[in-house]
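Working notes for the structure below.
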Amino acid sequence: MKILTEHIEVPGIETIDVYRKHGGYQAVEKALKKMTPDEVTEEVKKSGLRGRGGAGFPVGMKWSFLAKPEGVPRYLVCNADESEPGTFKDHYLMWKSPHTLIEGMIVSSFALGANTSYIYVRGELMYVIHILEKAIQEAYDKGLLGKNILGSGYDLDLYVQSGGGAYICGEETALLESLEGKRGNPRNKPPFPAVKGLWQCPTVVNNVESIAATSWIVNNGGDAYAQIGIGRSTGTKLISASGHIRKPGVYEIPLGITVEDFIYSDEWCGGIREGHKLKAVVAGGSSVPILPAEMILTTASGEKRLMTYESLSDGGFATGTMLGSGGFIVMDETTCIVHNTLTFARFYHHESCGQCSPCREGTGWMDKVIKRIELGHGRKEDIDLLVDVAKKIEGNTICPLGDAAAWPVAAAIRHFRDEFEWHIEHPELATQPGAVYMRPGASWSN
Amino acid sequence: MKVTIDNITLEVEPGTTIMQAARMIGPEIAPPAMCYYEPLKGTGGKCRGCLVKVTAGSEKDPRPMPKLVPSCITTVQDGMIVENTINEQVLETRKGIVEFLLLNHPLDCPVCDQAGECHLQDFSFEHGVSSTRTVEERNTFEPVDLGPYIKLNMNRCILCYRCVYAADQLTEGRVHGVMHRGDHAEISTYIEKAIDNDFSGNVIDVCPVGALTDKTYRFKSRVWFSKPEDAHCDCDKCSGNVTLWYRGDEVIRVTGRKNEWGEVKEFICNTCRFERKKTSDWVIEGPTKIARHSVISANKYGANLIKPSFPIKQAALAYKPIDDDRDRSFLPAKKSLPSSEKK
């Protein structure tokens, strides 16, 4: 079942003519001519679509929180600042099929009553910005954007804004600050963007994938979307699979397939690379907890783990993780978890905005301690120190970056403590090039 | 609106923050504030030193808040119950915050001009631990001259952003901000451009640590050796209400008048601060009132200490005789002991 990527390999799909030939912009016509904004919102609510940026908050509910005072403009902002290590799905969608996003933007802006909308694209993706701008110009030329779209009386202006290359600007309030032309520091909440967002006006910030999915929901109805998937995890999800698998890439999966299927089936990742076996998986981008092979394949109660929001987080952080933004990083037994954790910690150290003290100082501290362990200068007490620092950061920061920095470190120690201990106890072995700790009884191949 | 902080209930106006409510009770209850500065708009929420536990959100919705909340920017709701000094989690978190703030802070208090009136010293003395767990090298920066009067020592900065708000709100033109990210972020002017503005000196007063210091005062004296006197003058730029810091008969420093929370309510101009350093320039009003716990008050002005009157009154109102009905007939008769009276 493919919704977003159905026609993505069609040559020329980035042009409006080919896109329309494959059923594009039908949702705009249907929504603007036959439906009211509230009906569109109602369909999205019925669909059970959950935010695809990472937190998984229901999109319809987020829309219904939007304050609607008289005489104040409302804004829709598309968060295309995808910078999570391991996640590259939005990039793929916008690059291959920009009109999918633009169609979703028109439908969603109509539902929210926004007459100006923005797509905030990560600064590094300059060529994607050019593609989007070209596509937007095409849409203007065909009368799908601008004044009085398709004679419905609804006006919409759509702008693309380039970010400056900061991970923190993917946090919604930092994104709004950056969009206003300020330093991308997250705001204190409340007030939430739904009440005071862009230029202190009510604003909805949604991920690319969430917005793109709304046009299918308008075309086929919220109930049809809710049919796909299991329980409260409805619809399809783009997963960007990377690491030691045979077929890395972006896959659109119906939520509810098993993790085992996803890793080993030829339809998706195609299994671990020749002669190696699964060691650990980071299931939803670098900020979610890492899980060892046995825990990612089965839940604590012995059931097969599914690719859904609920199943992946089953067991809390003790035995579970999160679906996050769908950055599926697979590691085989040649991966050193300490080194991997260092890479993540260094990233968050580099990307912390420096506004609140736990995150600013804590991320740097964790980075330095793990680096010391990796270089063979670890002390016994460092492991407990890392756990404690992670605990002191988590939940005490302005924005979720603090949590995102603390979780991978805490989880790596929770599940691979022996590996950290080995690094500290045997620095002469651990600092050899390519050295990886093998658990007693483990082997290198299948 | 009724709010209960550490089992003390008081009535406040709608829109009051938890911090303001706690300050009404007294300094024993008020959470520490490293970044929050009441006279400057938009400050607060950054240092996380004032995190408190809300055990009941309001009368209508008595669920506890899942995370600790920053008391300086969280407004109270009717029936809110807040735990500050009596909550284990809050105190534990605060230890962590002190540790984080000191992680890259040089322990150069013996040569720092701020020592003695430093909020970070107070904060770590009250809430920190005596030992350190870090062995990492500290991030260092070169000291920078911001114009003829102000010295920036970025090593000591805790990035509270107070000076950024002060420069934004008191001076014309945005000349002063934060560059870079994370623990390498630094307070800076654009390419070290000199701050040249009549009110720029106020960034020294708002700085909670010794990152921004007065170049006309640097290394002249320790604050506890100097004697503060309130004074005023006719100034066409500012209110002219200042504190003069004397060593002997010499005015060694002029600052704005700080209230008991270390906040300046009336910002002063650079002429008053840096150039009027003779007693003849001023009309002396008398010794400055200094909080009793401050080292500045050591051996000075015993009669002018600020006594915590409100908590004493509060305690007197809340006083209840002990309900004790044990048989005391075998004891020798005592002269009217109120606690042994039965209700």
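At least 2 residues being buried (at least 22 other Cβ atoms within 10 Å of the Cβ) is the threshold, and among the strands (runs of 3 or more DSSP E) wholly inside the stretch B:138-188 those reaching it are B:150-152.
Kindly provide the set of residues from the stretch A:294-315 that are crowded, with 19+ Cβ neighbours inside 10 Å and among the basic types (Lys, Arg), ordered by number. If the condition is that a residue be crowded, with 19+ Cβ neighbours inside 10 Å and among the basic types (Lys, Arg), then A:ARG305 is the only one that fits.
Being in a strand (DSSP E or B), without any contact (Cβ under 8 Å) to a residue 24 or more places away in the chain and crowded, with 18+ Cβ neighbours inside 10 Å: is that true of B:VAL254 here? So B:VAL254 fits the description; yes. A:LEU291: modelled with pLDDT of 90 or more and either crowded, with 21+ Cβ neighbours inside 10 Å or of a type outside the set (Ser, Thr, Tyr) (or both), yes or no? For A:LEU291, the condition - modelled with pLDDT of 90 or more and either crowded, with 21+ Cβ neighbours inside 10 Å or of a type outside the set (Ser, Thr, Tyr) (or both) - is met.
For the structure I just gave you, tell me whether A:ALA318 is surrounded by fewer than 23 Cβ atoms within 10 Å (Cβ to Cβ), touching a residue at least 60 places away in the same chain (Cβ under 8 Å) and away from chain B (no Cβ under 14 Å). So A:ALA318 passes the test. Taken together, the residues in the stretch A:323-358 that are among the hydroxyl-bearing types (Ser, Thr, Tyr) and in contact with a strand residue (DSSP E or B) (Cβ under 9 Å, 6 or more places away or on another chain) amount to 4.
Among the candidates B:CYS163, B:CYS157, the residue that is touching a strand residue (DSSP E or B) at 6+ places or on another chain (Cβ under 8 Å), within 13 Å of chain A (Cβ to nearest Cβ) and closer than 22 Å to B:ARG253 by Cα is uniquely B:CYS157. Of all positions in the stretch B:207-226, at least one carries a residue that is at pLDDT below 90, crowded, with 17+ Cβ neighbours inside 10 Å and more than 23 Å from B:ASP145 (Cα to Cα).
Of all the residues in the stretch B:75-88, those that are within 24 Å of A:GLY362 (Cα to Cα) and either within 10 Å of chain A (Cβ to nearest Cβ) or in contact with a strand residue (DSSP E or B) (Cβ under 6 Å, 6 or more places away or on another chain) (or both) number 2. Residues that are within 11 Å of another protein chain (Cβ to nearest Cβ) and not in a loop (DSSP other than H, G, I, E, B) within the stretch B:92-119 comprise B:GLU92, B:THR93, B:ARG94, B:LYS95, B:GLY96, B:ILE97, B:VAL98, B:GLU99, B:PHE100, B:LEU101, B:LEU102, B:LEU103, listed in sequence order.
Those helices (runs of 4 or more DSSP H) of the stretch A:335-446 in which at least 3 residues are crowded, with 17+ Cβ neighbours inside 10 Å, considering only elements entirely within it, cover A:337-351, A:357-374, A:382-393, A:401-425. The single condition from (1) over 30 Å from B:PRO14 (Cβ atoms); (2) buried (at least 20 other Cβ atoms within 10 Å of the Cβ) that B:SER71 fails is (1). For the stretch A:107-134, the set of residues classified as among the small types (Gly, Ala, Ser) and crowded, with 22+ Cβ neighbours inside 10 Å consists of A:SER108, A:SER109, A:ALA111, A:ALA114, A:SER117, listed by residue number. Being over 29 Å from A:PRO98 (Cβ atoms) and not hydrophobic (A, V, I, L, M, F, W, C) holds for only one residue in A:PRO248, A:PRO289, A:PRO254, and it is A:PRO289. Taking helices (runs of 4 or more DSSP H) as the structural unit, those lying wholly within the stretch A:1-47 and holding at least 2 residues that are among the β-branched types (Val, Ile, Thr) and more than 25 Å from the chain's Cα centre (by Cα) correspond to A:16-21. Where helices (runs of 4 or more DSSP H) sit wholly within the stretch A:53-123, those with at least 3 residues that are under 13 Å from the mean Cα position of the chain (by Cα) occupy A:89-96.
Restricting the stretch A:226-254 to residues that are touching a strand residue (DSSP E or B) at 6+ places or on another chain (Cβ under 6 Å) and outside any strand (DSSP E or B), the residue that is nearest to A:TYR309 (Cα to Cα) is A:GLY235.
From the list B:GLY57, B:GLY44, which residue is more than 10 Å from chain A (Cβ to nearest Cβ), at pLDDT below 90 and crowded, with 16+ Cβ neighbours inside 10 Å?
B:GLY57
Within the stretch A:152-178, the only residue that satisfies the criterion of being free of Cβ contacts under 8 Å to residues at least 40 places away in the same chain and of a type outside the set (D, E, K, R) is A:GLY153. Considering (1) at the interface with chain B (Cβ under 9 Å from one of its Cβ atoms); (2) touching a residue at least 24 places away in the same chain (Cβ under 8 Å); (3) within 27 Å of A:ARG187 (Cα to Cα), the lone condition that A:ARG379 does not fulfil carries the number (3).
The values are calculated or read from the model by the stated rules, or taken from the named source; none is laboratory data. What you are looking at is a predicted structure, and each value in this text was computed from that prediction instead of being measured. Virtual Cβ from ideal backbone geometry, glycine too; neighbours counted across all protein chains shown.
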